[in-house]
Structure formats: C-alpha cells, structure tokens
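Report on the following structure.
The values are calculated or read from the model by the stated rules, or taken from the named source; none is laboratory data. Note that the coordinates shown come from a computational prediction; the quantities given were computed from them, not determined experimentally. Methodologically, a virtual Cβ is constructed for each residue, glycine included, from the backbone with ideal geometry; neighbour enumeration extends over all protein chains shown.
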C-alpha cells in the first residue's frame, strides 16, 4: 500500500500506542507499507518470526518493526517493539477505514463504455472497470479493484475480499488487516463462485487472457500470468507466482510462496508443494511430479496383487525343493 503523502518516523511513533526503541536512520521517510512478500524500497514492514529475520533485514524495506535487539542494517530504521504484528495492524487501521455502502454501485466507481452490469451486482468504492465487460448478476466487487477491458465475470464471483492472513495469539487468531488491492487484466473470464482475494498489502494480479472455471479460490498477493487456464474447484494459495500459459485442471492445489514455471500443466486431483523451475512440464499426483513417471508407478501398483501371488508361489516351490 502506498501512502497519500510520505510518513516520517516521528509521525509513525504517534500512531504506535506504546513505547518503542528506534535504531538506525531516524530521518527515513516511508512512502508505503508492505509485508515481506511484497516489500519495496521506501516501505514500512514488520517481522516477528525468527526464520524471517534475515530475509526482512536484508529486504528493500526502509523501516522495520521487529521484536529482536539486533544491529541495524546501513540506511534502514529499526523500530524495536514487543508486538510488531499488532503495531503494523495499528498503522493499517490508521490509514484504511471501512466505509459502509447503501447503494449497489458506489458513486465514485468508474465503469467503461459498453460494459453491462446485471442486477444485484455490488461494486465498491474506488473500483475501475474497463470497456465491453459483462458483469453478471450477484457478483461482488470489493473496493480498490481494477478490471480491464472485455472481461466476463459470472454470477456469484467475489473479487477483492480480504486476505486470509491470521496470527495465533493466546487469546485467539488476530487478523492482519488487508490494505492491498486486486488487478484483473484484459480478456479475462471468471467463472461462477470464483473467489479472488485482494493483496494483504500488495496486489493480487490476474494476467490478460486468463480463464477461470467455477468455484476456484485465489489467495492474496498471488500473481497469475497471461493465458492461463484454471479449471473448476482449484485452490491457489497466497503469495504464489504462476507464469504465463499454465493449465491447472480440476480439484488441484498450489501451495503458498511458490513459483510455477511457464507452460506448466497440472493434471486433475494434483497438488504442487514446491516451486516448478522447468518450463513445459506436465505434473500429476500429491505431491505432484513428472506425469509419465507417476503413470508408470500407478501401472506398477496395479500389478502388485499378481506379483505378490507370484512371489508366494515361488516361495512355496522353494520350500518344496528344500525338503
């Protein structure tokens, strides 16, 4: 998320409701805020999990909320606090506010020429929809969503809902408030009941020409490239990057924080649990790997009953020979 105007360290400290320790460059100015997966130069970010300390400290972030006493990297500012997550959420809430809406289409929504909006569709604040689109009945398009030209969105789809991002605390799960948005390119088709979450602080992006079948979930801050086919009932977790021309067949899943190489095909009922680095691959299974190898293993598995019978027969013959 980008701020309307730069935020100084002193202004940040006014937002945080308790004592903190400031280390490093106290004159840094923040142009926005992002969690670690989307961070850019000039951003405020946070870290409170040891396995992400090094990644965050070496990131592009200019100001970091952290719960560890450590040396400050050159040029950065560390804000040492007992609750980086909570303080980060406090800053989000300072800048982002929920505005209740009484009309189906917000007055400041921009809708392009020849775009058709069917009845009972909700369009939120700061939404931009391009030309020649068809938005079918009972679609919900949350605030800060950008949709390109020639897009079709079918009934029941929800675009730009909050990121599914929670942290476990002693008193329950605490939500990282979403302040990102959703961008859908040109010539995209979104099936019935498809859910595309907004970025938690960055962008969830759908490339030109990508097509979704019904009942698919796309997590926060995920990038899906051009001309991809995503079949029915798939689940794509947050912060994942799927390159151009990929095909994901029905009831398949892609885990979080992965990269899937261009022109990958994931066959039905499969799941990717690690990045796919080689282009033009066909994958199958849970976890998914080379489909030809997987089919051979399945074929061998079908032969097991006969092989067991053969082994038992041979064992019996050996026992006879021994006697």
**Asked** Given the residues 68, 55, which is the only one that is surrounded by 12 or more Cβ atoms within 10 Å (Cβ to Cβ), in contact with a helix residue (DSSP H, G or I) (Cβ under 8 Å, 6 or more places away or on another chain) and part of a loop (DSSP other than H, G, I, E, B)?
**Response** 68
**Message:** Can you report the number of residues in region 260-286 which are in contact with a strand residue (DSSP E or B) (Cβ under 6 Å, 6 or more places away or on another chain) and either surrounded by 15 or more Cβ atoms within 10 Å (Cβ to Cβ) or not assigned by TED's automatic domain parsing to the domain that holds residue 197 (or both)?
**Reply:** 12
**strands (runs of 3 or more DSSP E) contained entirely in region 187-297, each with at least 1 residues that are over 26 Å from residue 153 (Cβ atoms)** = 282-284
**Asked** Could you say whether any residue in region 151-158 is assigned by TED's automatic domain parsing to the domain that holds residue 235, crowded, with 24+ Cβ neighbours inside 10 Å and under 15 Å from the mean Cα position of the chain (by Cα)?
**Response** no
**Asked** Is region 92-102 home to any residue that is farther than 30 Å from residue 11 by Cβ and surrounded by fewer than 16 Cβ atoms within 10 Å (Cβ to Cβ)?
**Response** yes
